[in-house]
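A.B. asks: Before anything else, here's the structure in question.
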Amino acid sequence: MDSERGLHRSTLTPAPVVSRAGGSDARPADGESALILVADDVPANVELLFDQLHALGYRTVAAQDGPSALATAFRHRPDLCILDVSMPSGDLGCEDRATGFEVCRRIKRDPRTARIPVVFVTALNDTTDRVRAIEAGGDDFLTKPHNRLVLGARVRSLLKLKAATDALEESFRKLRELEKVRDDLMKMIVHDLKTPLTSVLATLELLLDGDFGSLSVTQQQVISDAEGKAEDLLRLIEDLLEIAKLEETTLPLTLEPIVPGALLNEVVHEWGVRFQQEGAHAAVDVADDAPAFHADRALLKRVFANLIQNALTHSAHAVGIRLSARRDPAGVLLTVADTGPGIPPEYHELIFRKFEQVRTRHAPRVRSSGLGLAFCRLVVERHGGRIWVQSSEGAGSAFHMLLPLEPPAADSRGAA
């Protein structure tokens, strides 16, 4: 059978085979059957497969050698390919006895056709040939003369699998688009919020300083509380902006030498008033061999601030907090441990994702953005380290940060 005859037999309906151009994987139109490419250099074999596939309700298109099989696959994007192994190789640069394997490899290597199932129908029946078919990316292997019922069952199964995979890929693509829209909207809103909030904070500060007249004690307390909430909101906005920068790997690190003991004591001192207000107890434990390291001090202090904030706000009672540092073969291990309600094991990975929150029976219900730990993870990873939690519900939590002594050079700037 020549090429024109194969294409004439390729449809069960008057509609022509549609060329599937573009980057997306086209699906058959509603009511249109799947298109199957049959590549074999023996016209009688093509005729037989055409008859069997037409009887099952499928459309077909033919190819007689390796180059035409590839060209047809890229042009028509069939839903399934049936390949003979031994065909003229043309300019594919392989032996004729292995043409089908090379065609399969190229189909699977190209993103446009990578998910198209490939079935080898060949007279070759050696174990080595089956292994080569698997290595080439083939999805099934039938030996000539093949059984018509087996062929039909294999084709139906692979087409169902491809349809499910295509649907999953399309859903994932739409999800990524929605996530991008959400992130872009979030960035726009955050940028628009920061300027008026800064003005609000400036006004509150002027009020507290008495620039608009003296205030009573009650007025000072109310305005001070409002200023504190506004500062919390500003920190949230800054977290959102910097998370976006960290995710896009555009936020450089300003590195400086850091002594663990000095850093942890500085953090505890800055949180001293808050610890007194919450009735919390903080302790610093630095091992004698804890090494100095290089990091972005401002970002690292915000990581500690987020971890301490979580410990204070998610506990219904006064909490104990311990900040520690020790040497590790990979660098320095920094830990923030608390005696709070703890975190169930099933949440240990979830809590480091954006907008994720944990609800337990031991912890009070608090308003949280779900961004603090996501920010911590991104900052630590930006330094070339990793962060994880050890915890169980009702038994406190320990957040560990393992940082290298020198962050990757590509992720930093400034003098060490």
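Here is a yes/no grid of residues against (1) surrounded by fewer than 15 Cβ atoms within 10 Å (Cβ to Cβ); (2) of a type in the set (D, E, K, R); (3) modelled with pLDDT of 90 or more; (4) under 40 Å from the mean Cα position of the chain (by Cα):
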site: Leu12; (1), (2), (3), (4): yes, no, no, no
site: Ala21; (1), (2), (3), (4): yes, no, no, yes
site: Arg27; (1), (2), (3), (4): no, yes, no, yes
site: Leu48; (1), (2), (3), (4): no, no, yes, no
site: Pro67; (1), (2), (3), (4): no, no, yes, yes
site: Phe74; (1), (2), (3), (4): no, no, yes, yes
site: Leu80; (1), (2), (3), (4): no, no, yes, yes
site: Gly93; (1), (2), (3), (4): yes, no, no, yes
site: Thr113; (1), (2), (3), (4): no, no, yes, yes
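A.B. asks: Scan the stretch 82-90 and give yes if some residue there is assigned by TED's automatic domain parsing to the domain that holds Leu35 and in a helix (DSSP H, G or I), otherwise no. Spell out how you get there, then give the answer.
C.D. replies: Residues of the stretch 82-90 that are assigned by TED's automatic domain parsing to the domain that holds Leu35, as a first pass: 82-90.
Those still in the list that are in a helix (DSSP H, G or I) too: none.
No: the stretch 82-90 contains no residue that is assigned by TED's automatic domain parsing to the domain that holds Leu35 and in a helix (DSSP H, G or I).
A.B. asks: State whether the residues of the stretch 176-189 include one that is within 24 Å of Leu299 (Cα to Cα), aliphatic (A, V, I, L, M) and modelled with pLDDT of 75 or more. It would help to see each step written out before you state the result.
C.D. replies: Filtering the stretch 176-189 down to residues within 24 Å of Leu299 (Cα to Cα) leaves 183-184, 186-189.
Imposing the further condition that a residue be aliphatic (A, V, I, L, M) reduces the set to 186, 188-189.
The next check asks that each one be modelled with pLDDT of 75 or more; those that pass are none.
No, the conditions are met nowhere in the stretch 176-189.
A.B. asks: OK, next. Residues that are at positive phi and touching a strand residue (DSSP E or B) at 6+ places or on another chain (Cβ under 9 Å): does the stretch 158-171 have at least one? I'd like the intermediate steps shown before the answer.
C.D. replies: Pass one, the stretch 158-171, residues at positive phi: none.
Taking every residue of the stretch 158-171 in turn, none turns out to be at positive phi and touching a strand residue (DSSP E or B) at 6+ places or on another chain (Cβ under 9 Å).
A.B. asks: Using the structure shown, decide if Asp65 is under 19 Å from Val150 (Cβ atoms) and not basic (Lys, Arg).
C.D. replies: So Asp65 does not fit the description; no.
A.B. asks: Being more than 29 Å from the chain's Cα centre (by Cα), aliphatic (A, V, I, L, M) and within 25 Å of Gln277 (Cα to Cα) is the filter here, so list the residues in the stretch 316-336 that pass it.
C.D. replies: Ala316, Ala318, Val319, Ile321, Leu323
A.B. asks: Further, regarding this structure: Is it fair to say Val336 is closer than 26 Å to Pro404 by Cα and surrounded by 23 or more Cβ atoms within 10 Å (Cβ to Cβ)?
C.D. replies: Values: closer than 26 Å to Pro404 by Cα: yes; surrounded by 23 or more Cβ atoms within 10 Å (Cβ to Cβ): yes.
For Val336, the condition - closer than 26 Å to Pro404 by Cα and surrounded by 23 or more Cβ atoms within 10 Å (Cβ to Cβ) - is met.
A.B. asks: When the stretch 116-134 is examined, which residues are found to be basic (Lys, Arg) and in contact with a strand residue (DSSP E or B) (Cβ under 9 Å, 6 or more places away or on another chain)?
C.D. replies: Arg130
The values are calculated or read from the model by the stated rules, or taken from the named source; none is laboratory data. Quantities reported herein were computed from a predicted structural model and do not represent experimental measurements. Glycine also receives a Cβ, built like all others from the backbone with ideal geometry; neighbour counts cover every protein chain displayed.
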